[in-house]
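**Q** The structure follows.
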Amino acid sequence: MLIVEKDKLMATNSGTIASNEIPSVAVYLYEKNTRTSEEITKFDLVFVDQEALTNEFYTILPILRRQKMSNDDIKKYLIEYYFDFYGATDSKSIKQFVDQLVDNAK
């Protein structure tokens, strides 16, 4: 698993980037022997505020519980909601986050 450290990425020679987004991040495959590179993909890197996401999910949670959804179905819904609204992320991390949130919510 790759750990992305926001503070290190947001620090530049001219100061810290104030946004939670780094647009147009490109990933390249570099061949050391031939000194050639090939762009593999390009994406916008967005850091989602954990506290804000927790509050957002706590707002949604009672609505799902009123619909008599099981905890497993609620977890699936919240993970799909995240992917739909925020985009791709590490699936293991979002699953752990949602599992803990749903299991600890009253």
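**Q** Right, residue 90: out of contact with any helix residue (DSSP H, G or I) (no Cβ under 6 Å at 6 or more places or on another chain), in contact (Cβ under 8 Å) with a residue 60 or more places away in the chain and closer than 20 Å to residue 9 by Cα or not? Talk me through it step by step, then tell me what you get.
**A** Values: out of contact with any helix residue (DSSP H, G or I) (no Cβ under 6 Å at 6 or more places or on another chain): yes; in contact (Cβ under 8 Å) with a residue 60 or more places away in the chain: yes; closer than 20 Å to residue 9 by Cα: yes.
The answer is yes for residue 90.
**Q** Still on this structure, please answer the following. Give me the residue from the range 77-105 that is loosely packed, with under 10 Cβ neighbours inside 10 Å and not basic (Lys, Arg) and, out of that set, nearest to residue 22 (Cα to Cα). Quick ask: steps written out before the conclusion?
**A** Step one: filter the range 77-105 for residues loosely packed, with under 10 Cβ neighbours inside 10 Å, giving 84, 88, 92, 103-104.
Checking the rest, the ones that are also not basic (Lys, Arg) come to 84, 88, 103-104.
Values: 84: 20, 88: 15, 103: 33, 104: 33 Å.
Ranking the candidates gives 88 first.
**Q** Here's a follow-up. What is the residue count in the range 1-25 for residues that are open to solvent by less than 100 Å² (accessible area, probe 1.4 Å), without any contact (Cβ under 8 Å) to a residue 40 or more places away in the chain and outside any loop (DSSP other than H, G, I, E, B)? Break it down into steps so the answer makes sense when it comes.
**A** Of the range 1-25, the ones open to solvent by less than 100 Å² (accessible area, probe 1.4 Å) are 4-6, 9-12, 15, 17, 19-25.
Okay, now just the ones that are also without any contact (Cβ under 8 Å) to a residue 40 or more places away in the chain, so 5, 9-12, 15, 17, 19-25.
Still in the list and also outside any loop (DSSP other than H, G, I, E, B): 9-12, 15, 21-25.
Residues that pass the stated criteria total 10.
**Q** Checking the structure you have, find out if any residue of the range 87-104 is in a loop (DSSP other than H, G, I, E, B), modelled with pLDDT of 90 or more and out of contact with any Asp or Glu (no Cβ under 7 Å at 6 or more places or on another chain). Break it down into steps so the answer makes sense when it comes.
**A** Kept after step one, since they are in a loop (DSSP other than H, G, I, E, B), are these residues of the range 87-104: 87-90.
Narrowing the set further to residues that are modelled with pLDDT of 90 or more leaves none.
Looking for residues that are in a loop (DSSP other than H, G, I, E, B), modelled with pLDDT of 90 or more and out of contact with any Asp or Glu (no Cβ under 7 Å at 6 or more places or on another chain), one finds none in the range 87-104, hence no.
Quick grid of which residues meet (1) exposed (fewer than 11 other Cβ atoms within 10 Å of the Cβ); (2) under 18 Å from residue 9 (Cα atoms); (3) over 15 Å from the mean Cα position of the chain (by Cα):
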residue	(1), (2), (3)
27	yes, yes, yes
30	yes, no, yes
36	yes, no, yes
45	no, yes, no
58	no, no, yes
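Here's the yes/no breakdown for (1) at negative phi; (2) in contact (Cβ under 8 Å) with a residue 40 or more places away in the chain; (3) outside any helix (DSSP H, G or I):
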residue: 54; (1), (2), (3): yes, yes, no
residue: 61; (1), (2), (3): yes, yes, no
residue: 68; (1), (2), (3): no, no, yes
residue: 74; (1), (2), (3): yes, no, no
residue: 79; (1), (2), (3): yes, no, no
residue: 82; (1), (2), (3): yes, no, no
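**Q** Additional query: Restricting to the range 63-76, and then to whatever is under 17 Å from residue 104 (Cα atoms) and open to solvent by 60 Å² or more (accessible area, probe 1.4 Å), can you tell me which residue is nearest to the chain's Cα centre (by Cα)? Working first, answer last.
**A** First pass over the range 63-76, keeping only residues under 17 Å from residue 104 (Cα atoms): 63-65, 69-76.
When the remaining residues are screened for being open to solvent by 60 Å² or more (accessible area, probe 1.4 Å), the result is 63, 65, 71-73, 76.
Numbers: 63: 23, 65: 24, 71: 21, 72: 20, 73: 20, 76: 16 Å.
Among them, the one singled out is 76.
**Q** State which residue is modelled with the lowest pLDDT when the search covers only the range 47-56 and only residues that are open to solvent by 70 Å² or more (accessible area, probe 1.4 Å) and not charged (D, E, K, R).
**A** If we filter the range 47-56 for residues that are open to solvent by 70 Å² or more (accessible area, probe 1.4 Å), which is where we start, we get 49-51, 55.
Subsequent filtering for residues that are not charged (D, E, K, R) retains 50, 55.
Working: 50: 92, 55: 96.
Within the range 47-56, the match that is modelled with the lowest pLDDT is 50.
The values are calculated or read from the model by the stated rules, or taken from the named source; none is laboratory data. The structure presented is a predicted model; accordingly, all values stated were derived computationally and were not measured. Glycine gets a Cβ as well: all are built from the backbone with ideal geometry, and neighbour counts include every protein chain shown. Remember, those area values only see protein heavy atoms, side chains included, never the ligands or the DNA or RNA. Shrake-Rupley method; radii C 1.70, N 1.55, O 1.52, S 1.80 Å.
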